[in-house]
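S.K.: Take a look at this one; I'll ask things after.
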2 protein chains.
Amino acid sequence: MIADNSVGVVAPQRFYSDVPLTLKSGAQLPGFELVFETYGTLNAARSNAVLVCHALSGNHHVAGIASDNPKNLGWWDNLVGPGKPLDTRKFFVVGVNNLGGCFGSTGPLSRNPETGKHYGADFPLVMVEDWVAAQARLADHLGIEAWAAVIGGSLGGMQALEWSLQFPERIRHAIAIASAPKLSAQNIAFNEIARQAILSDPDFHDGHYAEYGVVPERGLRLARMIGHITYLSDDQMNEKFGRQMRYDQHTYNYDVDFEIESYLRYQGDKFAGFFDANTYLMTTKTLDYFDPAYAYGGDLAAALVRVRADFLVVSFSTDWRFSPARSREIVFALLKNRRRVAYAEIDCVAGHDSFLLNDAHYHAVLRAYLENIAV
Amino acid sequence: MIADNSVGVVAPQRFYSDVPLTLKSGAQLPGFELVFETYGTLNAARSNAVLVCHALSGNHHVAGIASDNPKNLGWWDNLVGPGKPLDTRKFFVVGVNNLGGCFGSTGPLSRNPETGKHYGADFPLVMVEDWVAAQARLADHLGIEAWAAVIGGSLGGMQALEWSLQFPERIRHAIAIASAPKLSAQNIAFNEIARQAILSDPDFHDGHYAEYGVVPERGLRLARMIGHITYLSDDQMNEKFGRQMRYDQHTYNYDVDFEIESYLRYQGDKFAGFFDANTYLMTTKTLDYFDPAYAYGGDLAAALVRVRADFLVVSFSTDWRFSPARSREIVFALLKNRRRVAYAEIDCVAGHDSFLLNDAHYHAVLRAYLENIAV
């Protein structure tokens with residue numbers, strides 16, 4: 001039975017752009033395909049479209065039940081649906097798998113038309129700026145001149161910010177949740193270790209593992225475990241697992257002693273089973289490189305001069321990956337430019353992952369903000 | 001030229017115990033050897049001996065210049081020497097490589113007398129309690145009935161605490177720096193990922209890599225990189241590296257872009273070149289299992305009832321591996337037992353690694369405390 005407030009069963013759609021795309025790196029793609037989903041109905045004025053941008057491991061399946069797998073619920077299903085904070089009775093919501101992704105959009109798993117082989121490591125690195133450029137083509141295709149809002153958490157928030165910079169007239173509201181204007185040294189350090197885990201896996205084969213019929217599972221598994229630590233807060237880990245042991249006694253070997261070990265192994269194994277290593281590598285670089293203030297000598301306010309959108313910025317008290325201080329950097333830079341910006345710092349225990357969860361205060365803030373958007 | 005306040009050139013000494021040692025796990029060692037160094041002179045009353053306990057990657061070479069390598073300065077040389085806070089004109093200082101270590105004491109790199117082969121993964125897991133039991137035999141050998149002090153940082157502080165529990169009459173002062181009474185779930189999580197990096201390295205060969213003439217360098221390298229993130233504070237990483245780039249432009253590949261990446265790779269490579277993987281694995285378990293309150297239903301104060309030593313507890317404001325809150329747990333449990341305890345929370349930027357550094361306030365606290373110890 002499908003709940004009343006679910007968008008129901010959803011099938012992915014495809015969009016192909018045959019216009020070459022020059023990437024930030026200088027590399028060029030002759031064309032590309034994006035896989036996407038939509039929920040709700042585009043109104044006659046085409047003024048009610050909301051783009052949901054995914055983070056590192058997300059995809060286009062934002063809400064509802066995947067048509068090919070009834071167990072596959074959208075990653076932001078708690079947010080998007082009829083009567084939910086991002087209400088599909090009001091908004092036409094678009095979820096897209098980003099360029100370079102591994103869920104159907106053109107990326108390292110695709111075949112290079114020139115060689116007939118998987119791109120693998122030959123797929124060019126795609127940056128936040130490129131994602132947004134590709135999303136803009138999808139918007140053109142859907143007849144959306146301007147988004148009512150672009151919303152995303154973490155890396156998704158960076159895309160919302162980038163939309164406000166690259167296409168200031170095509171976005172009315174940017175909603176950046178648990179995000180940051182650029183990574184810190186520690187953020188980069190975690191990404192670098194994840195990359196090294198993948199790059200040093202003997203099954204990586206310089207990124208052409210597909211040609212060898214293998215997957216660098218060891219590396220991907222470690223990369224995900226490392227990431228996972230940064231998604232949870234220390235407090236929540238203690239609340240959820242603490243020093244809870246699997247058995248009454250220590251094993252005195254390297255099997256699971258503590259439940260937290262079991263949890264991490266499970267998360268790592270699961271991820272290694274479905275995510276592409278080249279996409280993972282690329283996306284950590286996408287994160288590392290994002291820094292709109294760089295061309296302005298590090299002055300974020302100067303970088304944001306061209307913003308026209310209103311902003312909602314949300315952070316979580318226990319998020320130590322992108323702490324509230326990082327969100328405040330965005331807020332202050334916007335205020336310096338006399339932009340309209342709402343900011344909420346949500347007190348909660350779940351750390352960075354909170355942006356995916358159903359915290360009442362958090363969802364109330366989103367609901368109120370979205371309700372006030374005129375369409 | 002050797003500085004006036006250096007202990008000078010130091011050669012390691014060896015102690016062999018032929019009395020079997022039953023470990024906490026139940027395994028038994030028929031005997032064992034410890035490598036150690038001493039600085040200063042044991043006084044006639046044998047009342048001025050200080051044991052320095054090392055942390056995860058440390059060893060017996062605490063101070064001075066190694067006799068076999070003039071570039072090898074002791075890891076706590078800034079603390080130990082004539083006129084330094086741990087003054088060798090007053091104290092007889094002992095540094096020891098712990099049982100199971102990889103710097104000369106009996107451990108996985110040793111040959112099993114029964115098989116003639118390297119122990120490798122067959123070496124039993126050695127816990128903090130076992131380290132202290134082995135150290136007590138060394139104390140017997142040196143004619144030290146009671147230590148004036150046992151001092152250590154991080155895992156070294158856990159040994160100081162354990163001394164006060166296992167041999168309450170043999171330790172007059174315990175100095176626990178940047179330590180914790182047990183690991184948190186997040187601490188265990190970091191250790192588990194380091195273990196998985198080593199265990200999943202194809203060169204690990206179930207811990208018998210020595211028999212194959214290889215070393216699981218990839219795993220060790222990752223393990224060290226992961227550890228390193230937790231040794232530095234986010235603030236210090238930003239101060240030291242920030243987003244400093246290696247080149248003017250992004251590489252758009254997986255070479256070094258940011259200096260932090262170069263630093264981590266360097267630290268990982270260096271470590272993989274000298275540290276033993278089995279010892280690393282074991283020591284992470286030594287950390288994970290340490291929990292003196294466990295047998296008391298988690299009540300640390302109840303566990304510390306038998307403590308007789310005076311305590312100095314030191315923590316560092318930016319240490320997020322073992323935060324000040326963890327040190328305060330020890331302090332409060334001691335106070336509940338009406339033990340004499342001094343506590344200093346040092347405001348500094350360097351994170352967990354601060355215990356190895358020469359912060360003026362920190363060293364002044366140690367100096368004052370050690371000066372007041374009667375010998």
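S.K.: Mind checking which residues of the range B:137-163 are touching a helix residue (DSSP H, G or I) at 6+ places or on another chain (Cβ under 6 Å), of a type outside the set (A, V, I, L, M) and open to solvent by 10 Å² or more (accessible area, probe 1.4 Å)?
M.R.: Hit for the range B:137-163 is B:162, nothing else.
S.K.: Within the range B:167-183, identify whether any single residue is open to solvent by 10 Å² or more (accessible area, probe 1.4 Å) and within 14 Å of another protein chain (Cβ to nearest Cβ), and answer yes or no.
M.R.: Yes, the conditions are met somewhere in the range B:167-183.
Rundown of residues vs (1) open to solvent by 10 Å² or more (accessible area, probe 1.4 Å); (2) more than 17 Å from residue A:138 (Cα to Cα), yes/no style:
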residue	(1), (2)
A:3	yes, yes
A:9	yes, yes
A:22	yes, no
A:29	no, no
A:38	yes, no
A:49	no, no
A:58	yes, yes
A:71	yes, yes
A:79	no, yes
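S.K.: Let me ask you something else. Within the range B:227-243, does at least one residue satisfy the condition of being in contact with a strand residue (DSSP E or B) (Cβ under 8 Å, 6 or more places away or on another chain) and facing another protein chain (nearest Cβ under 8 Å)?
M.R.: yes
S.K.: With respect to the numbered conditions (1) in a helix (DSSP H, G or I); (2) more than 10 Å from every other protein chain (Cβ to nearest Cβ), which one is the sole condition not fulfilled by residue A:198?
M.R.: (2)
S.K.: Ok, one more. For the range B:126-136, give me each residue that is crowded, with 22+ Cβ neighbours inside 10 Å and within 14 Å of chain A (Cβ to nearest Cβ).
M.R.: Correct list: B:126, B:127, B:128, B:130.
S.K.: Still on this structure: Hey, can you tell me all the residues within the range B:230-253 that are touching a residue at least 24 places away in the same chain (Cβ under 8 Å), open to solvent by less than 40 Å² (accessible area, probe 1.4 Å) and either within 14 Å of residue B:279 (Cα to Cα) or not small (Gly, Ala, Ser) (or both)?
M.R.: B:230, B:231, B:232, B:236
S.K.: Taking the options B:64, B:58, B:74, name whichever one is at positive phi and out of contact with any Lys or Arg (no Cβ under 7 Å at 6 or more places or on another chain).
M.R.: None of the others qualify; the one that does is B:64.
S.K.: Hey, could you check the range A:338-353 for residues that are in contact with an Asp or Glu (Cβ under 9 Å, 6 or more places away or on another chain) and aliphatic (A, V, I, L, M) and say which is farthest from residue A:156 (Cα to Cα)?
M.R.: Step by step, filter the range A:338-353, then rank; the result is A:349.
S.K.: Can you name the condition, by its number, that residue A:62 falls short on among (1) in a loop (DSSP other than H, G, I, E, B); (2) in contact with a helix residue (DSSP H, G or I) (Cβ under 8 Å, 6 or more places away or on another chain); (3) of a type outside the set (Gly, Ala, Ser)?
M.R.: Only one criterion is unmet by residue A:62, namely (2).
S.K.: Go through (1) farther than 22 Å from residue B:196 by Cβ; (2) open to solvent by 10 Å² or more (accessible area, probe 1.4 Å); (3) out of contact with any Asp or Glu (no Cβ under 7 Å at 6 or more places or on another chain); (4) of a type outside the set (Asp, Glu) for residue A:256 and report which single condition fails.
M.R.: Failing condition for residue A:256: (1).
S.K.: Moving on to the next point. Just checking, which of A:225, A:245 is under 25 Å from residue B:26 (Cα atoms) and among the hydrophobic types (A, V, I, L, M, F, W, C)?
M.R.: Unique residue meeting the criteria: A:245.
S.K.: Kindly establish whether residue A:317 is more than 14 Å from chain B (Cβ to nearest Cβ) and buried (at least 23 other Cβ atoms within 10 Å of the Cβ).
M.R.: no
S.K.: Identify, please: which residue in the range A:65-96 is aromatic (Phe, Trp, Tyr) and part of a loop (DSSP other than H, G, I, E, B) and is, among those, nearest to residue A:363 (Cα to Cα)?
M.R.: A:76
S.K.: Can you name the residue in the range A:204-226 that is charged (D, E, K, R) and open to solvent by 50 Å² or more (accessible area, probe 1.4 Å) and is also farthest from the other protein chains (Cβ to nearest Cβ) among such residues?
M.R.: A:211
S.K.: Restricted to the range B:97-123, and to residues that are in a loop (DSSP other than H, G, I, E, B), touching an Asp or Glu at 6+ places or on another chain (Cβ under 9 Å) and within 14 Å of chain A (Cβ to nearest Cβ), which residue is farthest from residue B:182 (Cα to Cα)?
M.R.: Among residues in the range B:97-123 that are in a loop (DSSP other than H, G, I, E, B), touching an Asp or Glu at 6+ places or on another chain (Cβ under 9 Å) and within 14 Å of chain A (Cβ to nearest Cβ), the one farthest from residue B:182 (Cα to Cα) is B:108.
S.K.: Determine if the range A:357-373 includes at least one residue that is buried (at least 17 other Cβ atoms within 10 Å of the Cβ), small (Gly, Ala, Ser) and over 29 Å from residue A:47 (Cβ atoms).
M.R.: No: zero hits.
S.K.: Okay, next question. Return yes when residue A:264 is part of a helix (DSSP H, G or I), more than 7 Å from every other protein chain (Cβ to nearest Cβ), under 22 Å from the mean Cα position of the chain (by Cα) and modelled with pLDDT of 95 or more and no when it is not.
M.R.: no
S.K.: Considering only residues that are under 28 Å from residue B:170 (Cα atoms) and free of Cβ contacts under 8 Å to residues at least 24 places away in the same chain, look in the range B:326-363 and name the one that is farthest from the chain's Cα centre (by Cα).
M.R.: The qualifying residue farthest from the chain's Cα centre (by Cα) is B:338.
S.K.: Can you tell me how many residues in the range A:267-306 are under 18 Å from the mean Cα position of the chain (by Cα), within 12 Å of chain B (Cβ to nearest Cβ) and open to solvent by 40 Å² or more (accessible area, probe 1.4 Å)?
M.R.: Residues in the range A:267-306 being under 18 Å from the mean Cα position of the chain (by Cα), within 12 Å of chain B (Cβ to nearest Cβ) and open to solvent by 40 Å² or more (accessible area, probe 1.4 Å): 0 in total.
The values are calculated or read from the model by the stated rules, or taken from the named source; none is laboratory data. Since we're looking at a predicted model, the values are computed, not measured. Ideal geometry is used to build each Cβ from the backbone, glycine not excepted, and the neighbour counts take in all protein chains shown. Please note that ligands, DNA and RNA were not included when accessible areas were found on the heavy atoms of the full protein model with its side chains. Shrake-Rupley method; radii C 1.70, N 1.55, O 1.52, S 1.80 Å.
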